[in-house]
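> Mind looking over this structure? Questions follow.
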Amino acid sequence: MSAVMQQESARAPLLSIRGVKTYYGNIIALKGVDIDVNEGEIVTLIGANGAGKSTLMMTIFGSPRAREGTITYAGRDITRLPTHEIARLNIAQSPEGRRIFPRMTVYENLQMGAAINQFAHFDADLERVTVMFPRLKERLHQRGGTLSGGEQQMLAIARALMSRPKLLLLDEPSLGLAPLVVKQIFDVIRELNRKDGMTVFLVEQNAYHALKLAHRAYVMVTGAITLSGSGRELLENPQVQAAYLEGGR
Ligand SMILES: Nc1ncnc2c1ncn2[C@@H]1O[C@H](COP(=O)(O)OP(=O)(O)OP(=O)(O)O)[C@@H](O)[C@H]1O
Ligand SMILES: [Mg+2]
């Protein structure tokens, strides 16, 4: 274990996943997953299509539920907590596939994100996310469903940020987006982590960007973690390069 890793593991895990097994019917999707996300870290999970990344994100929120193992958040066992109670714990997620409310306006979608903390800082937070994503500011009264794909992705992330989460879970924020938008979204994540100390757990197929961004990373293959290390270590790992970093990126 490197000195850096020892230092990281000395920090308290904000999210700790231990031996988690999740099934769809009789089919096992997660085969006993162990992951730690320490306070103040950006941790990424990479893996091929169907590896189980989204299943893990959803299992953290209790749907589907882990059949075995434990999920601990801020020292509290949340494995069997109802989903709506998990959402109140200062964990926000931007799920895969830009799941915004299509018939609501951009503004109303952002209100939904702020509802969880009783609109405590609505104006300041609205200002903050519209500075991050000026596109959304121009379109506050447009319906979510009529936004472009990239704009919907920005809205999904902005909505998650409206609740001022301590832990932000992002499932493939770069999916289907132009390189410039991907860069913008990753810059926002980096800034939120550096300036606000927001802890981020990021699922990505865009392994090059995710590993460059992340302090630590895990690789998932068919429902099991096969590799972990610092973002840099995995970027330089020949197995990772061969499987996830086509042509070195
Ligand atoms: N509701 C479901 N019912 C049955 N099987 C499912 C369900 N959802 C996912 N699966 C299966 O579980 C496995 C893991 O899927 P998951 O969506 O977690 O993968 P992923 O790593 O997020 O993939 P991708 O990168 O394509 O998003 C896949 O084989 C998938 O077909
Ligand atoms: Mg997925």
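> Specify which residue in the list Met132, Met154, Pro165 is farthest towards the positive end of the charge dipole of the range 100-165, using unit charges on the beta carbon of Lys, Arg (+1) and Asp, Glu (-1), about the Cα centre.
Comparing the listed Cα positions along the dipole, Met154 ranks first.
> Moving to a separate point now. Which value at 222 nm does the chain reach when only helices count, each DSSP H run of 4 or more adding -39,500 (n - 2.57), with the total divided by all residues and rounded to the nearest 500 deg cm²/dmol?
-11000 deg cm²/dmol
> So, in the chain, how many Lys pairs have Cα atoms under 26 Å apart, if the pair is 8 or more places apart or on different chains?
Taking the chain as the scope, the lysine pair count is 16.
> Taking all pairs of distinct Cα atoms, average 1/r, flip it, and tell me the Kirkwood hydrodynamic radius of the range 100-165 in Å to one decimal place.
The answer is 11.2 Å.
> For the range 155-249, what proportion of DSSP beta bridges, expressed in % and rounded to the nearest 5, is antiparallel?
Taking every DSSP beta bridge with both residues in the range 155-249, the antiparallel ones total about 55 percent.
> For a label point 7 angstrom out from the Cα of Ala12 toward its Cβ, which stretches of the range 190-223 have the backbone nitrogen within less than 19 Å?
Residues 196-201 fall inside that zone.
> With a 1.4 Å probe and every protein chain left in place, tell me how much accessible area Arg65 has, in Å² to the nearest 10.
That residue has around 90 Å² of solvent-accessible surface.
> Just to be sure I understand: of the beta bridges DSSP finds with both ends in the chain, what percent are antiparallel, rounded to 5?
Working: 23 of 42 bridges.
Among the beta bridges of the chain, antiparallel pairing accounts for roughly 55 percent.
> Find the centroid of the Cα atoms in the range 101-141 and in the range 157-215, then give the distance between the two in whole Å.
18 Å
> A follow-up question, please. Which helices pass in the chain if a helix is a full DSSP H run, must span at least 20 angstrom along its long axis by Cα, and must have mean Kyte-Doolittle hydropathy not below -1.0?
Flagged H segments are 179-196.
> Need the full-extension length gain, Lys212 to Leu89, defined as separation in residues times 0.36 nm minus the C-alpha distance. One decimal, nm.
This chain segment gains 41.4 nm when fully extended.
> Say the dipole of the chain comes from +1 at the beta carbon of Lys and Arg and -1 at that of Asp and Glu; which of Val240, Met104, Pro64 then lies farthest toward its positive end?
Most positive-ward Cα: Met104.
> As an exercise, take the mean of 1/r over every pair of distinct alpha carbons in the range 26-100, invert it, and state the Kirkwood radius in angstroms.
For the range 26-100, inverting the mean 1/r across all distinct Cα pairs yields 13.5 Å.
> Ignoring ligands, DNA and RNA, how do Met162, Met104, Met112 rank by accessible area with a 1.4 Å probe, largest first?
Largest accessible area first, the residues go Met112, Met104, Met162.
> Determine how large the accessible area of Phe101 is when every protein chain is in place; take a 1.4 Å probe and give Å² rounded to the nearest 10.
The value for Phe101 is about 80 Å².
> Let me check something: with ligands and nucleic acids excluded, how do Asp123, Asp77, Asp171 order by accessible area (1.4 Å probe), largest to smallest?
Asp123, Asp77, Asp171
> Could you give the length gained by full extension between His141 and Glu108, i.e. 0.36 nm per residue of separation minus their alpha carbon distance, to one decimal place?
Stretched fully, the His141-Glu108 segment lengthens by 11.0 nm.
> How much of the accessible area of the chain, probe 1.4 Å, is carbon plus sulfur, in whole percent?
Numbers: 5920 of 11710 Å².
Result for the chain: 51 percent of the exposed heavy-atom area is carbon or sulfur.
> So which residue, out of Asn193, Asn49, Asn38, gets the largest mean-square fluctuation from a GNM of the chain using Cα contacts under 10 Å as springs?
Highest fluctuation among the options: Asn49.
> At 7 Å along the Cα-to-beta-carbon direction for both Asp187 and Ala115, put a label point, then send me their distance in nm to one decimal.
If labels sit at Asp187 and Ala115, their model points lie 3.3 nm apart.
> Within the range 197-216, what residues put their amide N at less than 13 Å from the label point 7 Å along the Cα-to-Cβ vector of Ala242?
Nothing falls inside the zone, counting backbone N under 13 Å.
> Tell me the relative contact order for the chain as a rounded percent, counting alpha carbon contacts under 8 Å between residues six or more apart. Could the numbers behind the result be given before it?
Numbers: 471 pairs, mean separation 62.5, N = 249.
After rounding, I find 25 percent.
> Radius of gyration and Dmax for the chain's Cα atoms, expressed in Å?
Using the Cα atoms of the chain, the pair Rg, Dmax is 17.5, 52 Å.
> Tell me the relative contact order for the range 26-92 as a rounded percent, counting alpha carbon contacts under 8 Å between residues six or more apart.
On the way: 41 pairs, mean separation 15.4, N = 67.
After rounding, I find 23 percent.
The values are calculated or read from the model by the stated rules, or taken from the named source; none is laboratory data. Not measured: the values here are computed from a predicted model. Cβ sites come from the backbone with ideal geometry, for glycine too, and all protein chains shown count toward neighbours. The accessibility values were calculated without ligands, DNA or RNA, using every heavy atom of the protein model including side chains. Shrake-Rupley method; radii C 1.70, N 1.55, O 1.52, S 1.80 Å.
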